[in-house]
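Worksheet: the structure to be examined is printed underneath.
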Amino acid sequence: MLEKKYPYYLANKAQTSKEWMDVLDKYSGKVATRVAVPDAKAMEQAIAAAVKATEPMRQFKPWARQAVLQHCAQRFTERRDELAYALCVEAGKPIKDSAGEVTRLIETFTIAAEEAVRTNGETINLEIAKRLDGYHGYTKRVPLGPVSFITPFNFPLNLVAHKVAPAIAAGCPFVLKPAERTPIGALIIGEVLAETDLPKGAFSILNLDGKHASPLVEDPRFKLLSFTGSQIGWDLKTRAGHKKVTLELGGNAACIVDADQQPRLDHVIERLVFGAFYQSGQSCISVQRIYVHESLYDELKKRLVAAVKALKAGDPKKKETFLGPMIDEAAAERLHGWIEEARKAGGKLLCGGKRKGPMLEATLMENVSRDAKVNRQEVFGPFALLAPFKTLDEAIAMTNDSDYGLQAGIFTDSLANAMRAWNELEQGGVIVNDVPSFRVDNMPYGGIKLSGAGREGVRYAIEDMTEIRLMVMREG
């Protein structure tokens, strides 16, 4: 069960407020709980506390950072059911998927705990010419200082974890603004962090709307902004000044099915269904475009449609539910409108396409025009389109015909085709023999084009939150 009310966190401490914000059960639409809204002074207090905590966090030894992260992983394990239920309610994510995200939360903190004691430097050979005899170079990594985070609604636990856990491992105090519609997971993480001996001011978690979060972007006391969300990220980058900025801004992922996949078509279809409709397609790497070799197209289409029609939709709290609601009715209405536009422009509806409130049926289309929104933009919902191809050149060209470039997938038994895809697909990552929705929390994750800049993944985030400090020494 959820608590009736949740505080925000200012300089490591829980705070209540005169103002409270409702958090809705995304399936029923009813108020599930309420969260405290910080007052007008809280942001400045949080930033000032983070600045004051900069030196104590630098002095907080790697083994102590590791101990904090290990404590968190242990407490999240103990509170696994509570976290999964909260996620199911606040995000409308089916309970099985919610449990899976809790597992990833635990794994991310565990990885960060391991990396906290691995922030090593290197020895550099400077004796590259006779005049440099006796010179030696050494580097170490030091924390950047205060950092700011803004996270989205679709992974309220794991996307928070991918910012918070590396910050602790790196020794950086932070201020976090979780998504307004899904703040509970972040606040439970804050509750666990408050149990630790992190230096005062090491973290603040503020339930703010976008209008009141501008200091997270613009204040020069922050040394890095990490934002995951929509294309508004590019505007934030222009406002961020001289600080580092990492952006993860979505995609419209394509998956290629090569001609040699007939023997394992069942597996391919199973993975395509998961990739396209897991958590109602509300993932930056959800399968949106499926390109199938013409020799397999008709059979795969027939079997894929049957598999999609068999998906169980409804209350995400029921274990048998695969497809829950979208985050709200407005999101479902938007995508339903895009589907109708594509249909009226000549696209053929293979299954789905109907909407009731925030529930949108799992939808497949073919013959979708190149310029349709469901082809060009990020649908962020339970939708995928199919199209045939004759040659791998054609499939690669169709995949690259996008303003996004986060991840793509290819099912193939050909090493040559896998290498071509890796070399020629304009993506941050290429997944071979699985869907582009695949992600492990220690791998570098991020995109190019409109998909963003920089890389997430624990070790890579730690590198972004630290800077190299050089020492040169001369013998004698």
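The values are calculated or read from the model by the stated rules, or taken from the named source; none is laboratory data. The structure displayed is predicted, hence computed values, not measured ones. All Cβ positions, even for glycine, are placed from backbone atoms using ideal geometry, and neighbour counts span all protein chains on display. In case anyone asks, the SASA skips ligands and DNA or RNA and just uses the protein heavy atoms, side chains included. Shrake-Rupley method; radii C 1.70, N 1.55, O 1.52, S 1.80 Å.
Here are some notes:
- Per-region count, the stretch 9-26, residues assigned to a loop (DSSP other than H, G, I, E, B) and either in contact with a helix residue (DSSP H, G or I) (Cβ under 8 Å, 6 or more places away or on another chain) or under 15 Å from residue 185 (Cα atoms) (or both): 4
- Of all residues making up the stretch 259-278, the number that are of a type outside the set (Val, Ile, Thr), open to solvent by less than 10 Å² (accessible area, probe 1.4 Å) and either farther than 21 Å from residue 388 by Cβ or in contact with a strand residue (DSSP E or B) (Cβ under 7 Å, 6 or more places away or on another chain) (or both): 5
- Residues in the stretch 39-80 that are assigned to a loop (DSSP other than H, G, I, E, B) and surrounded by 15 or more Cβ atoms within 10 Å (Cβ to Cβ): 53, 60, 79.
- Candidates 31, 68, 51: the one that is touching a Lys or Arg at 6+ places or on another chain (Cβ under 9 Å) and modelled with pLDDT of 95 or more is 51.
- Top-ranked residue in the stretch 303-323 [being over 18 Å from residue 381 (Cβ atoms) and assigned to a loop (DSSP other than H, G, I, E, B); ranked as least open to solvent (accessible area, probe 1.4 Å)]: 315
- Exclusive hit being at positive phi, buried (at least 16 other Cβ atoms within 10 Å of the Cβ) and not aromatic (Phe, Trp, Tyr), set 250, 190, 233: 250
- Under the condition of being crowded, with 16+ Cβ neighbours inside 10 Å and either among the polar types (S, T, N, Q) or closer than 25 Å to residue 109 by Cα (or both), the residues counted in the stretch 436-452 number 11.
- Search result, residues across the stretch 324-365 that are open to solvent by less than 70 Å² (accessible area, probe 1.4 Å), closer than 24 Å to residue 31 by Cβ and either part of a strand (DSSP E or B) or among the polar types (S, T, N, Q) (or both): 359, 360
- Scanning the stretch 376-415 for residues that are touching a Phe, Trp or Tyr at 6+ places or on another chain (Cβ under 9 Å), under 14 Å from residue 296 (Cβ atoms) and open to solvent by 30 Å² or more (accessible area, probe 1.4 Å) yields a total of 1.
- Scan the stretch 453-476 for residues that are surrounded by 20 or more Cβ atoms within 10 Å (Cβ to Cβ) and hydrophobic (A, V, I, L, M, F, W, C) and the total you get is 4.
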